[in-house]
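Asker: Structure in structure tokens, see below.
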Amino acid sequence: MKGSSIISAAHLKRRLGQYAALWLGGFLLGLIAIAVLSWVLGDLIEAVDWVLPPLLLLTGAAYGGGVVITLISKETLGTKLLVVALALLMLLPLLWAPVLSAVVAAYVADRSIEYSQAYAAFRIAVSNLLYPLAEWLGSGGWLDWLWSLFQWVSTVVGFLSAWAKIWPGIRRFLGPEPEEA
């Protein structure tokens, strides 16, 4: 096993960096694929329905692959358990990245994303996961509130992880800080 600590901060940092890259990649690839396919097909919603399912599958598979690599690695048990716990916690925000690209594309095109079967299926699946929590909180508008919270938290988590991933590159590009005289 690597090192003597219970949790490998280096491995965790590497996995979080890969998460950020995957979130950003899923979002950007979704935007590009939807834009190109909507130009080819002539319909944004049809493009979204073609792009989202395979992109969600690829994103989830890549994410799962990272977890499996950790599980078969020589990392400590603590590191493995923390990676699995974080993977479960951050899976839905990660899958939101390609869906967010569809939402952004629909917003820019001034179209309603709700007409997309892929978007509707994703929303139903997430709502089914959130429904027990909404029931536990009581009846009322909790499900819509939880859906909105999910969207915002997932977007912020993805944006912050992507920003953390690209900020060092931006700083290197801008060059070193000027020295004070």
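Asker: With the contact rule set at Cα under 8 Å and sequence spacing of 6 or more, what percent relative contact order holds for the stretch 39-140?
Answerer: With pairs under 8 Å counted, the relative contact order is 40 percent.
Asker: Mind checking the full-extension length gain between residue 74 and residue 36? Use 0.36 nm per residue of separation minus the Cα-Cα distance, one decimal, nm. Provide the component values of the computation, followed by the final result.
Answerer: Working: separation 38, 0.36 × 38 = 13.68 nm, distance 4.24 nm.
Here the segment from residue 74 to residue 36 would lengthen by 9.4 nm.
Asker: What range in the chain is the longest one free of GluC sites (Glu not before Pro) that are in a loop by DSSP and have at most 11 other Cβ atoms within 10 angstrom?
Answerer: Working: sites that count: 179, 180.
No qualifying site falls inside 1-178, the longest such stretch.
Asker: Keeping all protein chains in position, work out how much accessible area residue 111 exposes to a 1.4 Å probe, and write it in Å² to the nearest 10.
Answerer: Accessible area of residue 111: about 100 Å².
Asker: I would also like to ask the following. Which of (1) 61, 30, 25; (2) 52, 50, 35; (3) 54, 37, 31 is the computed Cα extents along the principal axes in Å for the structure on display?
Answerer: Checked against the structure: label (2).
Asker: Here's something else I'd like to know. Give, as a single signed number, the net charge of other residues whose beta carbon lies under 11 Å from the beta carbon of residue 70, with Lys and Arg counted +1 and Asp and Glu -1. Walk me through the numbers before you get to the answer.
Answerer: Numbers: positive: 14, 15, 74, 80; negative: 75.
Around residue 70, the charge tally is +3.
Asker: Turning to a different aspect of this structure: For the Cα atoms of the chain, what angle does the longest principal axis make with the long axis of helix 44-72, in degrees from 0 to 90, nearest 10?
Answerer: The two axes meet at around 20 degrees.
The values are calculated or read from the model by the stated rules, or taken from the named source; none is laboratory data. Treat the numbers as computed from the prediction; the structure is a model and nothing was measured. Note that each Cβ is placed from the backbone with ideal geometry, even for glycine, and that neighbours are counted across all protein chains shown. Only protein heavy atoms, including side chains, enter the accessible area calculation; ligands, DNA and RNA are left aside. Shrake-Rupley method; radii C 1.70, N 1.55, O 1.52, S 1.80 Å.
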